[in-house]
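Remarks on the structure that follows.
The numbers here are math on the coordinates, done by the rules we state, and not lab data. Predicted model, so just to flag it, every value in this text is computed and none were measured. All Cβ positions, glycine included, derive from the backbone under ideal geometry; neighbour counts span all protein chains shown.
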Amino acid sequence: GVRLHPVMFTDKEAIEGALPFNFPCFTTHPRSSMTFGDLDPAQLSGYVGAFQEAVDQEIRVFNPDVIHGQHAWILSSLAADSGVPLVLTVHGTDLMGFERWPDLRHYAVRAMDAARKVICISADNEALTLEVFPEHADKIVRMRNGFNPDVFFPQHLDRAEVLAGHGVDYAGERLVLFAGKLTHFKGVDILLDAAAAYESSPGDILTVIAGDGDMRDELEGQMRELGLGSVCFIGNVSQAELARLYNVADVDVVPSRNEPFGLVAVEAMACGTPVVASDSGGLPNFVNAAVGALAIPEDPDDLARCIIETLRRADEKPGWRDEIATYASGNYSQSVIIAELVSLYEEVRG
């Protein structure tokens with residue numbers, strides 16, 4: 001029941017019909033370091049034209065009742081004059097783009113003006129949206145993100161076997177996991193500074209960093225400068241493999257400087273993994289003492305303290321993982337959230 005309509009990009013080899021540059025992002029992506037601010041006028045024109053053609057074609061052929069735009073940004077703006085009710089989700093990185101690239105703001109304004117409802121994914125996300133678009137306060141609804149329960153669920157796995165699949169030798173250590181883009185706002189540098197503190201504490205701790213991005217070389221250099229002997233960078237992994245890593249981790253860490261929601265934390269909890277996260281952005285909406293701990297933002301010492309304390313609690317409470325998975329499933333499974341989304345679609349359709 002799903003049909004895709006891809007718009008292709010290439011920055012290496014020729015792909016027939018593809019735009020002759022890599023796809024732009026708000027921040028770096030594992031497969032592209034191109035940002036919207038990097039697009040020259042010809043590239044921006046090509047980008048907008050290709051997606052306008054795709055959107056127009058699908059409206060004509062599929063005749064949708066509702067269009068759901070992801071991000072208050074360029075693609076959502078292309079449906080503004082379609083006559084089809086538009087629901088918009090503001091994810092937070094679009095607000096970062098609004099701040100960074102004034103010349104592109106008119107796309108966000110057009111999308112917000114056209115939207116009948118605007119979904120904000122956390123209290124922090126809503127506050128930022130209202131700060132930028134106060135005139136649209138009457139359109140805003142709060143709706144949390146959800147995880148895919150077909151991918152993220154508790155599993156009984158052999159830790160050494162899972163880690164060996166990523167070239168990591170395991171010798172019985174406690175496992176701290178980070179998963180995400182290696183970019184500044186994700187705060188991996190803060191985690192490495194924290195690792196310098198907890199690696200010297202009693203008890204062996206192994207830190208595995210899954211993901212890639214523009215800061216990988218810098219972060220690996222930081223690891224060497226700190227003399228960290230138990231940190232491993234394993235690169236990008238599939239969603240299924242990420243779920244396996246969550247299941248064998250003792251704690252998942254989300255040290256972001258600014259995280260509009262933090263779906264990775266929910267996915268980790270769905271696998272039963274305690275989460276230590278920054279007390280900032282959308283993370284405090286669902287990370288609490290019942291499922292992990294909140295650390296002072298950009299404070300490596302407090303982050304290290306929270307990680308060590310969470311590892312201790314996990315040892316003392318064998319049934320904790322089951323409680324965490326139940327909390328995630330009952331509140332953040334897509335099956336719960338989809339019903340709310342359908343009701344919103346029916347409301348805007350009239």
Practice item. Using the Karplus curve 6.51 cos²θ - 1.76 cosθ + 1.60 with θ = phi - 60°, work out ³J(HN,Hα) for each residue of segment 143-152 in order, rounded to whole Hz, and write x for Gly and Pro. Key: 8, 6, 6, x, 9, 8, x, 6, 10, 9
Review point. Of the peptides 90-102, 300-312, how do they stack up when ordered by the mean number of other Cβ atoms within 10 Å, highest first?
Key: 300-312, 90-102
Review point. What size of dipole, in debye to the nearest 20, comes out for segment 268-343 about its Cα centre when the only charges are +1 on Lys and Arg C-beta atoms and -1 on Asp and Glu C-beta atoms?
Key: 260
**Study point:** Stokes-Einstein diffusion coefficient of segment 233-350, Kirkwood radius over Cα pairs, 4 °C, 1.567 mPa s, in µm²/s
**Key:** 85
Study note, to complete from the structure: Among segment 162-190, those whose backbone N falls under 12 Å of a label point 7 Å along Cα→Cβ from Met96 are 181-188
Review point. Percent relative contact order of the chain, based on C-alpha pairs within less than 8 angstrom and at least six residues apart?
Key: 15
Check your understanding: With each pseudo-label sitting 7 Å past Cα toward Cβ, what's the Gln239-Ser82 distance in nm, one decimal?
Key -> 2.2
Practice item. Could you check what % of the DSSP bridge pairs in the chain are antiparallel, to the nearest 5? Key: 5
Review point. Which whole-number percent gives the relative contact order of segment 86-162, counting Cα pairs below 8 Å spaced six or more residues apart?
Key: 31
Study note, to complete from the structure: Burial-style ranking of 117-127, 54-64, 140-150, average other-beta-carbon count within 10 Å with highest first, yields 117-127, 140-150, 54-64
